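The values are calculated or read from the model by the stated rules, or taken from the named source; none is laboratory data. Note that the coordinates shown come from a computational prediction; the quantities given were computed from them, not determined experimentally. Every residue, glycine among them, receives a Cβ derived from its backbone with ideal geometry; neighbour counts consider all protein chains shown. Surface areas here come from the heavy atoms of the whole protein model, side chains and all, with no ligands, DNA or RNA. Shrake-Rupley method; radii C 1.70, N 1.55, O 1.52, S 1.80 Å.
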Amino acid sequence: MDIVNPALNDYLIAHATPADDVLRDLAEETRRALPGHISMQITQDEGAFLTLLVRLTGARTAVEVGTFTGYSSICIARGLPADGQLIACDVSEEWTSIARRYWDRAGLTDRIELRIGPAADTLRAMPPQETIDFAFIDADKVGYPVYYEEIVRRLRPGGLIVLDNVLRSGRVVDPSAQDAADLAIRQINDTVTADPRVESVLLPVRDGVTLVRKR
Ligand SMILES: C[S@@+](CC[C@H](N)C(=O)[O-])C[C@H]1O[C@@H](n2cnc3c(N)ncnc32)[C@H](O)[C@@H]1O
């Protein structure tokens, strides 16, 4: 299912802040080196959306779950102040080695700390205090319920969590879609909506993006 009419896709891309050379080259290298995985990378308009959200929330401390080759991490880190920090979580040394090169090129190496390992372990090892201002969740879908819970309890009041792929190309409303990722995404969508700690909205941006603000 197309979430947005495909005829509008190019128009949407053309009317978000343009990608600079760093992001354009990163998208191109990812497409060339990892053609079978390019759909994992967020698009230019979603990247511009992330940068805008980070700036709007005035975030200084951010967490990303699912870094891949670094597109979203660059967009998030660029919205932080110079002394801000993004903790980027992923399991892949190989894919994030590309991210590291582009962080360097973007002048963001000081602002991003990569933590390799299962994100559930990385998040659980973080201090329990409410210190996170902004989080982006875009990793294995079955992990979303755990990632959400570990982050929301560490999110400062007024902080924002962004969850990606919450519509799963429309599978959320297809009763025959019953794999583990489908079940986990339906679970997290219901959990967020009923969670009294937060206010939220699910937007038809790309594959579905939920914005969750802690009260
Ligand atoms: C959809 S991609 C992220 C795309 C990225 N946000 C971007 O804009 O390019 C998902 C990433 O989650 C990572 N991942 C999968 N399982 C994970 C886990 N248990 N813990 C941490 N990262 C995981 C994968 O290695 C992959 O890089």
Go through segment 21-43 residue by residue and tally those that are exposed (fewer than 12 other Cβ atoms within 10 Å of the Cβ) and among the charged types (D, E, K, R). 3
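I'd like to verify a number: residues in segment 47-66 that are β-branched (Val, Ile, Thr) and open to solvent by 40 Å² or more (accessible area, probe 1.4 Å), how many?
Applying the first criterion (β-branched (Val, Ile, Thr)) to segment 47-66 yields 51, 54, 57, 61, 63, 65.
Still in the list and also open to solvent by 40 Å² or more (accessible area, probe 1.4 Å): 61.
Qualifying residue count for the region: 1.
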(1) closer than 22 Å to Gly143 by Cα; (2) out of contact with any strand residue (DSSP E or B) (no Cβ under 6 Å at 6 or more places or on another chain); (3) charged (D, E, K, R): which one isn't true of Asp20, the others all being true? (1)
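Would you check if Ile98 is open to solvent by 10 Å² or more (accessible area, probe 1.4 Å), under 25 Å from Leu23 (Cα atoms), β-branched (Val, Ile, Thr) and out of contact with any Leu (no Cβ under 6 Å at 6 or more places or on another chain)? Break it down stepwise before answering.
Values: open to solvent by 10 Å² or more (accessible area, probe 1.4 Å): yes; under 25 Å from Leu23 (Cα atoms): yes; β-branched (Val, Ile, Thr): yes; out of contact with any Leu (no Cβ under 6 Å at 6 or more places or on another chain): yes.
Yes: the conditions hold for Ile98.
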Please pick out the residue among Gly170, Gly143, Gly159 that is crowded, with 17+ Cβ neighbours inside 10 Å, part of a helix (DSSP H, G or I) and not β-branched (Val, Ile, Thr). Gly143
Among Val172, Val192, Val201, which is modelled with pLDDT of 95 or more, under 23 Å from Arg213 (Cβ atoms) and in contact with a Leu (Cβ under 6 Å, 6 or more places away or on another chain)? Val201
Spans of helices (runs of 4 or more DSSP H) in segment 25-106 with at least 3 residues among the aliphatic types (A, V, I, L, M), more than 10 Å from the ligand (Cβ to nearest atom) and within 17 Å of the chain's Cα centre (by Cα): 44-57
Name, by its number, the condition in (1) without any contact (Cβ under 8 Å) to a residue 12 or more places away in the chain; (2) open to solvent by less than 30 Å² (accessible area, probe 1.4 Å) that does not hold for Cys89. (1)
